[in-house]
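The values are calculated or read from the model by the stated rules, or taken from the named source; none is laboratory data. Just so it is clear, the structure is predicted and the values come from calculations on it, not from any experiment. Every residue, glycine as well, gets a Cβ built from its backbone with ideal geometry; the counts of neighbours run over all protein chains shown.
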Amino acid sequence: MRLTDKICALLSKTVLRDKGISYVAMFHKITPDEVVAQEPFACSQRQFESYLTGLKRAGMNVISVDDLLTHPVDEVLKKKVVLTFDDGFADIDSFVAPLLTRHGVPFTVFITTSLLNTEGYLTTEQLKVLAQNPLCTIGMHAHRHLQFRSSSKEELLADFCRCKEELCRLTGKEPLYYAFPYGSVYACSWQNSRVVRGAGVKAVFMTLPLKLTAGLLRYRYYLPRIDVPTLLKQGKMRYD
Ligand SMILES: [Zn+2]
């Protein structure tokens, strides 16, 4: 285990000990296949449904990214969760969106535009339908799923613009939020986040597993997210 992984595991434990916290949850593939669900970052549909039930039982409120950034900070920091889904897996269309819509729960999907219409990912038609769902926010997850730390400012900006243009064209809306691929301190730097900030987004999401704080919310261009599926598999995320 790398040192950063150890630190992340420790931070996650600290976060979850505090029951009154707010955080941004990060998901990837949500699969009906319990074997596939064991892959890193994946989650089974059964686990996801019981996580949702657990949130409700614990009195956690799921809010949208817009609410996260516009509601008073004091309010946002009390038992709020934002649900985010990276990459744009096909199960968003077949499982996640129908389930969350039935429950009236807002969610955000960060799309990697080069993955659209490839096997296992959303089609452009499915994305168009998703973008019409009032509970769903479509965000950017780059055009190419790269670690941008070693990229030049120009390369990062060119990729950012391609992603933004494609999402604007397909959804008819300007995407306002960006989540870096990989998102760790090794994959993208503070400088990278400044470049994306300068390109005009309202908030930037990373994968540092921290709870939300007033300072992080006020700055909002290096927002942490917690990899919930890994904690569920390790039995570390419980609401009982
Ligand atoms: Zn990703």
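Points worth noting:
- Taking the criterion of being part of a helix (DSSP H, G or I) and more than 17 Å from the chain's Cα centre (by Cα), the residues of region 100-127 that qualify are T101, R102, H103, S114, T124, E125, Q126.
- Figure legend. Inter-residue proximity from region 165-193: first residues farther than 13 Å from P224 by Cα and modelled with pLDDT of 95 or more, second residues within 15 Å of the ligand (Cβ to nearest atom) and hydroxyl-bearing (S, T, Y), beta-carbon distance below 8 Å, spacing 6+ or different chains. Indicated pairs: E166/T113; L167/T113; Y177/T108.
- Tally of residues being without any contact (Cβ under 8 Å) to a residue 12 or more places away in the chain and part of a loop (DSSP other than H, G, I, E, B) across region 32-63: 3
- Region 134-147: number of residues that are of a type in the set (A, V, I, L, M, F, W, C) and within 12 Å of the ligand (Cβ to nearest atom): 3
- Within region 54-95, tally of residues that are within 16 Å of the ligand (Cβ to nearest atom) and under 13 Å from the mean Cα position of the chain (by Cα): 8
- Region 200-235: number of residues that are touching a residue at least 24 places away in the same chain (Cβ under 8 Å) and surrounded by fewer than 14 Cβ atoms within 10 Å (Cβ to Cβ): 2
- Residue match in region 96-118 (condition: free of Cβ contacts under 8 Å to residues at least 12 places away in the same chain, within 16 Å of the ligand (Cβ to nearest atom) and over 19 Å from Q47 (Cβ atoms)): yes
- Residues of region 55-66 satisfying the condition of being under 15 Å from L99 (Cβ atoms) and either at pLDDT 95 or above or in contact with a Lys or Arg (Cβ under 7 Å, 6 or more places away or on another chain) (or both): V62
- Residues that are of a type in the set (V, I, T) and either in a helix (DSSP H, G or I) or touching a Cys at 6+ places or on another chain (Cβ under 8 Å) (or both) were ranked within region 150-208; the one that is nearest to the ligand (Cβ to nearest atom) is V196.
- Unmet criterion (only one of (1) surrounded by 20 or more Cβ atoms within 10 Å (Cβ to Cβ); (2) more than 16 Å from the ligand (Cβ to nearest atom); (3) under 24 Å from E165 (Cα atoms); (4) of a type in the set (A, V, I, L, M, F, W, C)) for A131: (1)
- Scanning region 52-72 for residues that are in contact with a strand residue (DSSP E or B) (Cβ under 8 Å, 6 or more places away or on another chain) and not acidic (D, E) gives L55, M60, N61, V62, I63, S64, V65, L68, L69.
- If the condition is being farther than 20 Å from L176 by Cα and among the basic types (K, R), then region 193-228 contributes only K211.
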